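What follows is one structure encoded as structure tokens, with my remarks underneath.
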Amino acid sequence: MNGYGGSVLRVNLSTGQIQKQPTPQDVARDFLGGRGFGIYFLTKEVPPKADPFGQENKMIISSGPFSGLMIPGAGKCDWTTKSPLTGGYASASLGGHFTAELKYAGLDSIILEGISPKPVYLFIDDNQVELRDASHLWGKGSITVEKELKEQYGEEYQIATIGPAGENGVLFAHINHDYGRQAGRGGVGAVLGTKKVKAIVLHGTKSIPVADLPAYRQAGINLFKACKDAEILKEWQSYGTTMVVSWCDEVGALPTRNFTAGSFEDGKNLYGPVMRKTIVVSDKGCFACPSPCGKYSHTRRYNTYVEGPEYETIGMLGSDLGLGNIEDVAQANLLCDDLGIDTISTGGVIAWAMECFERGIFTKKDTDGLELKFGNAQAVFALIEKIARKDGFGALLAEGVKRASQKTGQGSEKFAIHVKGMEQSAYATHNATAMLLAYMTCDVGAHHNRAWAITYDIQVGREKVTTEKVARVIWLQNFRPMFDVLGACRLQWVELSIDRDLYLPALQAITGIPRSWKDLETVGERIWNLTRLYWIREIDGFGREWDLPAPRFYEDAPKTGATAGQITRFEDVQKLLDYYYEQRGWSKNGIPTPETIARLNLEQFVY
Amino acid sequence: MAAILKLFGILKKYIQGADQIMVPANITVRQAITTLHIPPEIVALVVVNGNQQSKEYIIQNDDEIKLLAIMGGGR
């Protein structure tokens, strides 16, 4: 099958049985790859109401038709599972070089089933596939493990690994790769940990079949040329995502002290140019990237090296915790990477705990003696370690902000900043209604990458609640995740603004099948609706209430910064949902109607 | 005493589709933006002689200033 590795690798960890099956052509047609494959296999193969940490849950790792080919940023890999954090759909995107190697090993997906009786790592070298003993790696940090495995097998082997947090079942544990790239959100690392899989070691040498080689080469060259000619390339490469820290601070979107404000008085110390000047050592990119956003940094204060921090981490481990020193943020970033926890959720849950402490809900007796005030970097470092090891007070936070606040009570649920149980990423949405809706309706919880609508808010009027705004969010949700389906990075389109039509000749030349953006957006809409059906299947009573944002965004106007005194009215929150459901073809309770399910050819998934 | 202001993306519409315009020195970038009726919030990045600067940067003679609009895809 042109554009595909050709096989799905199925590994039963309970029995040790390993088998390869041909990648199903009809699934490739309807779901293309990446997160499309992920939700297809998850819905088909994991039984309803499965325990995320049980035998029945699966980890589905998928490349797409662009992965490993000469397409800008064709190094994206999807990790789908049932989320232990939210109880719903989890899909985390991993950059780096892992997915290219997956394709070169002739694989489109790896499906990990069951639970291994002892710690193992999965070793794949072309046709050689084995589960190998990982008892000597268990307990070690992600970066240490990657280094050891690279030294053992060689630099050309690609490694994905969990840290101690994944082993310990921290609900927002992540998967680390390439010394600083993560499949970050939803607790994918915890699922791997409960399956006793410490790492995957991957190497392949096979070619990927392409339908029309000359046309593919030309389409690839055209895409790379567009990136090289982009007006913003030089600046983007200098600063990466940190370029927007100053802008977010200026417009009141930079989360500050548990989202009580959107501008930070020490924000200037976290801006891209400061970081570039003070800690960045070099740029670092993923497979086939013409515009590397990764920044490899060195902290003088701690004498440590880390990839990052990028924007989200600066927001969540910096301003949201009241930390105004980029070296402190970088150090917190490194601790999270090595211990194996998502920086966004970690920042969110610590920010909530800090607010509890400052309100007197927690005292030092509760926090194991930590003076948990905003701005206390040493307390943040100590707490990251405690969370990863589920030690003392850290065990409460390891459950995520929704559960921690429900257990704590005393009104702390009101300032637990999450949607569907996932901590909100780094955009303050007191007065940015499109971005607020994007978070409310995102299919994994409060994550930004499906619809980065904050810029649209600023362009058209941030407080407006219009059908056009809602349509924009829906279009972004259908279109943007197509990059996660195709297995390539979206940032060349998002940030360099290259023409999206340049991708179509490449896809046709690779697969031999002509597809229009209208057709591909329908695939995106099909996937979006299937993820919705998955939530409905898994959670009794799932509906409109699950799409509400944290009350902070309609009750607590910031007192300082660019958005001081600004808030979204609750009736506008409801209006956003009304418009959204109507345009999606969903009921007033947010359930896809039979007509919508039929139009998208999803009847087989309705239970 | 003047500097070159280069505009990119959607910002070009504020100078009738041109690529650049001369602005006086000794005013801030924010003042220059305001005189062109560009909403400051939609300017994501100010780059002066190759370095990112704030909108409060005071324009010097012969500076080359690039203003980049917020992106976010599909502009």
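So here's what we get for this one:
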| read-out | value |
| --- | --- |
| Qualifying positions in region A:378-393 - surrounded by fewer than 24 Cβ atoms within 10 Å (Cβ to Cβ) and not charged (D, E, K, R) | A:Q378, A:A379, A:F381, A:A382, A:G392, A:F393 |
| Of the criteria (1) closer than 16 Å to A:V573 by Cα; (2) touching a Ser or Thr at 6+ places or on another chain (Cβ under 8 Å), which one A:M440 fails | (2) |
| Within region B:16-75, strands (runs of 3 or more DSSP E) holding 3 or more residues that are within 9 Å of the chain's Cα centre (by Cα) and within 14 Å of another protein chain (Cβ to nearest Cβ) | B:43-48, B:64-69 |
| When residues of region A:489-498 are limited to those that are of a type in the set (A, V, I, L, M, F, W, C) and in a loop (DSSP other than H, G, I, E, B), the one farthest from the other protein chains (Cβ to nearest Cβ) | A:C489 |
| Any hit, region A:265-275, residues being of a type outside the set (V, I, T), in a helix (DSSP H, G or I), assigned by TED's automatic domain parsing to the domain that holds A:A92 and in contact (Cβ under 8 Å) with a residue 12 or more places away in the chain | no |
| Residue that is in contact (Cβ under 8 Å) with a residue 60 or more places away in the chain, surrounded by 20 or more Cβ atoms within 10 Å (Cβ to Cβ), in contact with a strand residue (DSSP E or B) (Cβ under 6 Å, 6 or more places away or on another chain) and within 25 Å of A:G186 (Cβ to Cβ), where the choices are A:I341, A:I314 | A:I341 |
| Conditions (1) within 14 Å of chain B (Cβ to nearest Cβ); (2) over 22 Å from A:Q424 (Cβ atoms); (3) under 22 Å from the mean Cα position of the chain (by Cα); number of the one not met by A:D283 | (1) |
| Complete set of residues in region A:11-42 that are hydroxyl-bearing (S, T, Y) and either outside the structural domain of A:L122 (by TED's automatic domain parsing) or within 20 Å of the chain's Cα centre (by Cα) (or both) | A:Y40 |
| Sole residue being within 19 Å of A:T241 (Cβ to Cβ), assigned to a loop (DSSP other than H, G, I, E, B) and of a type in the set (S, T, N, Q), chosen from A:S282, A:S291 | A:S291 |
| Residue list for region A:27-67, filter: among the basic types (K, R) and modelled with pLDDT under 95 | A:R29 |
| Residue that is nearest to the chain's Cα centre (by Cα) [pool: residues in region A:293-311 that are without any contact (Cβ under 8 Å) to a residue 60 or more places away in the chain and buried (at least 20 other Cβ atoms within 10 Å of the Cβ)] | A:K295 |
| Contacts under 6 angstrom Cβ, first residue in region A:495-506 being crowded, with 22+ Cβ neighbours inside 10 Å, partner of a type in the set (D, E) and at pLDDT below 90, 6 or more apart | none |
| Exclusive hit being among the hydrophobic types (A, V, I, L, M, F, W, C), more than 14 Å from every other protein chain (Cβ to nearest Cβ) and touching a Gly at 6+ places or on another chain (Cβ under 7 Å), set A:A557, A:A509 | A:A557 |
| Odd one out for A:L171, checked against (1) in contact (Cβ under 8 Å) with a residue 60 or more places away in the chain; (2) surrounded by fewer than 19 Cβ atoms within 10 Å (Cβ to Cβ); (3) part of a loop (DSSP other than H, G, I, E, B) | (2) |
| Some residue of region A:538-556 being over 28 Å from A:P255 (Cβ atoms), in contact (Cβ under 8 Å) with a residue 60 or more places away in the chain and buried (at least 19 other Cβ atoms within 10 Å of the Cβ) | yes |
| Test: residue in region A:323-338 that is buried (at least 24 other Cβ atoms within 10 Å of the Cβ), in contact with a strand residue (DSSP E or B) (Cβ under 8 Å, 6 or more places away or on another chain) and in a loop (DSSP other than H, G, I, E, B) | no |
| Filter result (polar (S, T, N, Q) and more than 30 Å from A:I221 (Cβ to Cβ)) within region A:30-73 | A:T43, A:Q55, A:N57 |
| Boolean, A:D501 is within 13 Å of chain B (Cβ to nearest Cβ) and in a helix (DSSP H, G or I) | yes |
| Residue among A:P255, A:P290, A:P273 that alone is modelled with pLDDT of 95 or more and surrounded by fewer than 22 Cβ atoms within 10 Å (Cβ to Cβ) | A:P290 |
| Count of region A:451-472 residues which are part of a loop (DSSP other than H, G, I, E, B) and surrounded by fewer than 24 Cβ atoms within 10 Å (Cβ to Cβ) | 6 |
| Cβ-Cβ under 7 Å pairs, at least 6 apart or on other chains, region A:467-487 side assigned by TED's automatic domain parsing to the domain that holds A:H448 and of a type in the set (G, A, S), far side crowded, with 24+ Cβ neighbours inside 10 Å and assigned to a helix (DSSP H, G or I) | A:G487/A:G34; A:G487/A:T99 |
| Checking A:T260 against (1) β-branched (V, I, T); (2) surrounded by fewer than 24 Cβ atoms within 10 Å (Cβ to Cβ); (3) more than 30 Å from A:Q508 (Cα to Cα); (4) in contact with a helix residue (DSSP H, G or I) (Cβ under 7 Å, 6 or more places away or on another chain), the condition it does not meet | (4) |
| Tally of residues being over 21 Å from A:V573 (Cβ atoms), of a type in the set (G, A, S) and not in a helix (DSSP H, G or I) across region A:393-437 | 2 |
| Flag if B:L11 is on the phi < 0 side of the Ramachandran plot, surrounded by 12 or more Cβ atoms within 10 Å (Cβ to Cβ) and more than 11 Å from chain A (Cβ to nearest Cβ) | no |
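The values are calculated or read from the model by the stated rules, or taken from the named source; none is laboratory data. Predicted model only: the values in this text are computed from it and were never measured. Note that each Cβ is placed from the backbone with ideal geometry, even for glycine, and that neighbours are counted across all protein chains shown.
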